[in-house]
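Data block below; observations after.
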Amino acid sequence: MSAFSYTQLRLLLAGAVMLAALAAALVFSGVVPPYYEREFEDEDFGPPELDLRFASFDTMTGWLQDDPGPALEAFVRSCQRFETLAPEAPANPLENLGINDPALTLSGTVADWLRPCAEARALLVSAYSDPGGRRGALRAFFEFHFTPVEIATARAPLPDGPARRAEPRIEKTGTFTGYFEPVYEASRLPTETHTAPVLPRPDDLIEVDLGNFRDALKGERIAGRVEGGRLVPYDARAEIEAADHAGAAPLAWLDPNDLFFLQIQGSGRLQFEDGSSMRVGYAAQNGHLYTAIGRVMVDRAIMPLEDITMQSIRGWLDEAAPEDAQKLREQNASYVYFRELDDADPALGPLGAQGAPLTTGRSLAVDRRYHTLGAPVWVDIEPVEENGDKPIRRLMIAQDTGGAIKGPVRGDVYWGSGEEAGEIAGAMNAKGRMIVLLPRRLAERIPRKYLRNAP
């Protein structure tokens, strides 16, 4: 190497040292924040992925104060559904976690749940014969048979982006809303006010579980009809409502806005003028994605976001001209068909997606791509007005699903039947955390590489 080259090298090294010293000075002076404190944009991180960590009953705030009795009763009802299945069957055939690693599952097989189910049924009798030790015995049951696993999401920095050396973004909270079983006045025949038919599932509607064709699509479904030997999308809401339903044998007729909200809730009680009633539940859906018309109202400057509740949306629809209300309803192309629940116990809630009756304040709708119907779930939801401005910390059971319930930390709390339940459900929109209780033998099989704090 020439003398000139050595000189150049020394100059370059000196310049690098000076630049490093300047950068350090700027960082320590506070002019430029250190790397780990810098603000990055959302687009600097990848899509959210499931983030798991073991939790502890000792650190679950409110665990000792909650009465797990109603949750145990709901769990036993879910167990009745498990017990109709083969032990080797998957407990959640719609789970979509193990695409790249079949060992990753939060559902396991039905056999994983059968022992806790048997013990729960026995405890349901013995615990009530000793009221003094009831809560302690019930808590001990869950603590012995289950391992708490906190569910969160993590977004890793993009490897070629400005945040490439940053830590993953961990989000432990998600959105919790509420739903209920409405009670609506109905008619056996169409009238001047009851113009919307409650339709049964049409014979030509075909629902397809895409997971049967591609493992990567587990939990995803579409619906359509066959035309010329090909499956084509089913009609959207606007086309269905414009069609002639004379031969469809509707279950009943409702006010159009009542039907719209009945479809959002998925079940309801219909009261007829002669004093009779009918309980209806979800039968099928037309395959179109659910669109929240509250979001449409915000986007169109009809109502500010902070004023959007179920009650305010309903109020606008009732006050609007019929054609304007219809146009807004049609923005949600999703359409739900119903069936009569003639075997439902009137003392219990409607049947959830698992087929078990829902329990007020203890049944939770979840995303089945991540969660097993029948699983106990501890929720810690921020203070909400619907709960006297106190947090909701209680044990619930995952027993239902919903078109708008998407994501690993997303829940919809069932609040019961009637107007008061509707007031609570319609106003609920809060952030919260979710801890799933998994049978011990199932939790032990989770590959440790997926657990952030695995021993």
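Every number here is computed from the coordinates shown, using simple stated rules; none is lab data. For clarity, every value in this text was computed on a predicted model and none was experimentally measured. Cβ placement follows ideal geometry from the backbone for every residue including glycine, while neighbour counts extend to all protein chains displayed.
List of remarks:
- Backbone amide hydrogens, once placed in the peptide plane, bring Gln285 within less than 5 Å of Tyr337, excluding anything fewer than 5 places away on its chain.
- The chain - share of DSSP beta bridges that are antiparallel (%, nearest 5): 80 percent
- Mean sequence separation of contacting Cα pairs (under 8 Å, at least six apart), scaled by the length of the chain, corresponds to a relative contact order of 23 percent.
- Taking amide H atoms as placed 1.01 Å from N in the peptide plane, the amide H of His371 has no partner under 5 Å among residues 5 or more positions away or on other chains.
- Inter-label distance, Leu85 to Ser277: 3.2 nm, where each label sits 7 Å from its Cα along the C-beta direction.
- For Gly247, neighbours were defined as the other residues whose beta-carbon sits under 15 Å from its Cβ, and their charges (Lys and Arg +1, Asp and Glu -1) total -2.
- The mean sequence separation of alpha-carbon pairs under 8 Å and at least six residues apart, normalised by the residue count of segment 163-249, gives a relative contact order of 18 percent.
- Between Leu158 and Asp101, residue separation times 0.36 nm minus the direct Cα-Cα distance comes to 18.3 nm.
- Using every pair of separate Cα atoms, the Kirkwood estimate puts the hydrodynamic radius of segment 249-334 at 14.3 angstrom.
- ³J(HN,Hα) computed for each position of segment 369-380 - Karplus, 6.51 cos²θ - 1.76 cosθ + 1.60, integer Hz, glycine/proline x: 5, 10, 10, 8, 5, x, 6, x, 9, 8, 10, 10
- For Arg53, neighbours were defined as the other residues whose beta-carbon sits under 12 Å from its Cβ, and their charges (Lys and Arg +1, Asp and Glu -1) total +2.
- Comparing Gly275, Ile397, Thr309 along the charge dipole axis of the chain, the residue lying farthest to the positive side is Ile397, per the Cβ-charge model.
- Annotation: amide H-H contacts under 5 Å for Thr109 (H modelled 1.01 Å from N, sequence separation of 5 or more, or interchain): Ala91.
- Within segment 88-107, backbone nitrogen closer than 16 Å to the virtual label 7 Å beyond the Cα of Asp209 toward Cβ: 88-98, 107
- Long hydrophobic helices in the chain, taken as whole DSSP H segments with a C-alpha length of 18 Å or more on their own axis and mean Kyte-Doolittle hydropathy at least 1.0: 3-29.
- Scoring 390-400, 434-444 by mean Cβ neighbours within 10 Å over their residues and listing the highest first yields 390-400, 434-444.
- Within the straight-line cut-off of under 14 Å between alpha carbons, the aspartates and glutamates reachable from Lys406 are Glu49, Glu95, Glu220, Asp367, sequence neighbours fewer than 8 places apart in one chain being disregarded.
- Phi to ³J(HN,Hα) by Karplus 6.51 cos²θ - 1.76 cosθ + 1.60 over segment 289-304, Hz, x for Gly, Pro: 5, 6, 10, 6, 6, x, 5, 4, 5, 5, 4, 8, 6, 6, 7, x
- The calculated FRET efficiency for Ala243 paired with Leu289, based on their beta-carbon distance and R0 = 30 Å, is about 0.90.
- Annotation: Cα Rg of the chain relative to the compact-globule expectation 2.2 N^0.38 Å equals 1.18.
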